[in-house]
């Protein structure tokens with residue numbers, strides 16, 4: 001993936017998707033089949049106010065987004081689509097009041113189904129892991145003589 005294409009995709013992911021912009025999602029690594037993002041801690045993500053910890057649903061949302069982003073590294077056109085079918089998250093440790101890093105990689109990409117694995121970290125310690133299953137639709141255009 002060229003530098004210009006990466007910057008274009010990074011801009012779309014960070015600035016054009018409202019939930020990503022709200023969370024302050026920062027793209028750290030964007031490669032075909034692998035993604036790493038960073039999301040800063042802020043008071044709006046707190047689920048356990050007694051311990052000032054992240055809400056599990058916010059972590060799941062970020063992990064789902066990462067699964068979609070990593071699938072998007074295989075888009076052939078801007079019109080291709082990806083939709084979540086199933087998401088499973090295992091929470092291993094409460095997330096403290098600091099940034100989290102989430103990584104995603106493709107396990108399998110078939111004709112219509114994409115399977116990803118995601119991991120969330122704080123200070124290099126695994127706090128959650130998950131699996132996403134997505135409907136992956138390539139919006140192929142009919143062949144024309146100029147194609």
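Observations, loosely collected:
- Filter result for residue 121 (farther than 17 Å from residue 31 by Cβ, free of Cβ contacts under 8 Å to residues at least 24 places away in the same chain, surrounded by fewer than 21 Cβ atoms within 10 Å (Cβ to Cβ) and in contact with a strand residue (DSSP E or B) (Cβ under 7 Å, 6 or more places away or on another chain)): yes
- Restricting attention to the range 124-147, the residues being surrounded by 16 or more Cβ atoms within 10 Å (Cβ to Cβ) and modelled with pLDDT under 95 number 1.
- Considering 59, 100, 82, the condition of being closer than 29 Å to residue 140 by Cα, buried (at least 18 other Cβ atoms within 10 Å of the Cβ), in contact (Cβ under 8 Å) with a residue 40 or more places away in the chain and touching a strand residue (DSSP E or B) at 6+ places or on another chain (Cβ under 8 Å) is satisfied by 82 alone.
- Residues in the range 12-47 that are within 20 Å of residue 94 (Cβ to Cβ), in a helix (DSSP H, G or I) and in contact (Cβ under 8 Å) with a residue 24 or more places away in the chain: 23 only.
- Among residues of the range 48-99 being part of a strand (DSSP E or B) and over 24 Å from residue 12 (Cβ atoms), the one that is modelled with the lowest pLDDT is 48.
The values are calculated or read from the model by the stated rules, or taken from the named source; none is laboratory data. Computed from a prediction, not measured in an experiment: that's the story for all the values here. Positions of Cβ are generated from backbone atoms using ideal geometry, with glycine treated the same way; all protein chains shown enter the neighbour counts.
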